[in-house]
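Data block below; observations after.
The values are calculated or read from the model by the stated rules, or taken from the named source; none is laboratory data. Just so it is clear, the structure is predicted and the values come from calculations on it, not from any experiment. Note that each Cβ is placed from the backbone with ideal geometry, even for glycine, and that neighbours are counted across all protein chains shown. Note: accessible area is taken over every heavy atom of the protein model, side chains too, but ligands, DNA and RNA are not part of it. Shrake-Rupley method; radii C 1.70, N 1.55, O 1.52, S 1.80 Å.
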Amino acid sequence: MENIVVGLVVTCDAISGKDKLKRCEIDIGQGGTIMVVTNAPNVRESSRVAVALPGAEIGDEVIKAGNVG
């Protein structure tokens, strides 16, 4: 599986005005962190999570970077 890594959740904060969404900063161990938006109820600081980076293929879908507005 290419472009899939294990990351460490550094911060995880609720997004105001959104019932279930959280904004998480994740250390992906490649010299930096990325921001991810999730609705997973079990994600919190210090969790280890699977991260599909841009270009990863999940089923028939290719993961792309995007913006949440």
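Only residues in the stretch 35-52 that are farther than 18 Å from Ala65 by Cα and open to solvent by 90 Å² or more (accessible area, probe 1.4 Å) count as the first member; pair them with residues that are at pLDDT 95 or above and among the hydroxyl-bearing types (Ser, Thr, Tyr), Cβ under 9 angstrom, at least 6 apart or cross-chain, and list the lot.
Listed pairs, sorted by first residue: Glu45/Thr11.
With the requirement that a residue be over 18 Å from Ala65 (Cβ atoms), charged (D, E, K, R) and either in contact (Cβ under 8 Å) with a residue 40 or more places away in the chain or open to solvent by 60 Å² or more (accessible area, probe 1.4 Å) (or both), what does the stretch 15-34 give you?
Lys18, Asp19, Lys20, listed by residue number.
If you go through the stretch 1-14 one residue at a time, how many are closer than 14 Å to Asn39 by Cα and open to solvent by 30 Å² or more (accessible area, probe 1.4 Å)?
Residues that pass the stated criteria total 2.
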